[in-house]
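Below is one structure, written out as structure tokens; the observations come after it.
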Amino acid sequence: MSVSSMAHIDFVPATAEDYKELMSISDGIYKGLDYLPFNYHVWLKDHRRHMFLAKSEGKIVGFESFLLVDGGGTAVLQGLRVAPWMRGQGMAGIIQRYCLDKLHSDHPQVKRVRLTRGEDPPPNLLRMFKVINSKVIYIILIIIQKLLFPGDLLVQNWLPLSTHRSNLEMLFERGVIWIYSEACNTNGSSELSAENSAGSADGYQTNNEHFVSRGPPTQPSSAGFLSLGTPAFPVVYANGTYVFHIDLYGVDPASLKRHVLEQIKLCIKTLPAGSSLFCLMYTEQSLRSELIHLCEGLMPFFLLKDQMILEMDI
């Protein structure tokens, strides 16, 4: 049955009671590394996010959400789902059109829409959106034993944000680990400073050896390096399996290595012994070869190679 032949599509707000049915149409997505099962109930509690279900004859056939960011001036589309029997029939476009109409009617202050996709976005998407940035993705699997912002754009775990103060405050609520380092000195080393981002956007501390920040520098140095570690969350891939995202900002290869290793070390401390950890790392295109070289000898997980950030004005 094609979308055009269906009697009617109803759009309703998503609720906690819809979780099980929605997850049933998402089975197998992202090869078992899907973020939605862990985040669904958290998203429902976020006053900045609006979540919708598409239903046909009482059954869930699609899902989408948008998050208001940049002080309410931008909406980010996230979590698109289409039931397996409806894919390839235009359902995603119908859901997207509903979200855009909803933004026009209920949130007229929103002037632009962003989304992130893997490599090779479909042509119809590129006719509506322009690509404003792209980053390299590399994914590795780690078995735990017992023992700067281009264009003022900050992409944290597939969420494209400007460096607007309200966005930073939102990230501070999520327990993101920020690590910032200045340029390497003459012997190839620099001080690393890490901080859990629970705090104020203006808060910082200094001592004789470290710069410790509760967020990125207001005007980060072009020679500095910043990494954001999203708290690991469990996925359905296998029991005891977690996913960890590291977003990397800067162009210095030596800093790339040190930040990745430090973020993984801090993450592993939070997980139980015997866990498996999928680490997704996102960095500038110029550091692709350095990131691949850093991960030589580790177990790669082939899912995506590039992250595309798209935007359109509305």
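The values are calculated or read from the model by the stated rules, or taken from the named source; none is laboratory data. These numbers come from a predicted model, not from an experiment. FYI the Cβ positions are ideal-geometry reconstructions off the backbone, even for glycines, and counts take in every protein chain you see. In case anyone asks, the SASA skips ligands and DNA or RNA and just uses the protein heavy atoms, side chains included. Shrake-Rupley method; radii C 1.70, N 1.55, O 1.52, S 1.80 Å.
Some observations on this one:
- Total residues in segment 251-268, condition under 19 Å from the mean Cα position of the chain (by Cα) and within 25 Å of Lys31 (Cα to Cα): 4
- Of all residue pairs spaced 6 or more apart or on separate chains, those with beta-carbon atoms under 6 Å, a first member in segment 159-179 that is on the phi < 0 side of the Ramachandran plot and a second member that is open to solvent by 50 Å² or more (accessible area, probe 1.4 Å) and among the charged types (D, E, K, R) are Ser162/Asp152; Thr163/Asp152.
- Apart from one condition, Leu271 fits all of (1) within 17 Å of the chain's Cα centre (by Cα); (2) within 16 Å of His245 (Cβ to Cβ); the exception is (1).
- Matching residues, segment 266-314, being open to solvent by 50 Å² or more (accessible area, probe 1.4 Å), within 30 Å of Ser105 (Cβ to Cβ) and touching a helix residue (DSSP H, G or I) at 6+ places or on another chain (Cβ under 9 Å): Ile314
- Leu228 vs. criteria at pLDDT 85 or above, of a type in the set (A, V, I, L, M) and open to solvent by less than 20 Å² (accessible area, probe 1.4 Å): yes
- The set of residues in segment 114-145 that are over 18 Å from the mean Cα position of the chain (by Cα), under 30 Å from Leu277 (Cβ atoms) and open to solvent by less than 40 Å² (accessible area, probe 1.4 Å) comprises Leu141, Ile142, Ile144.
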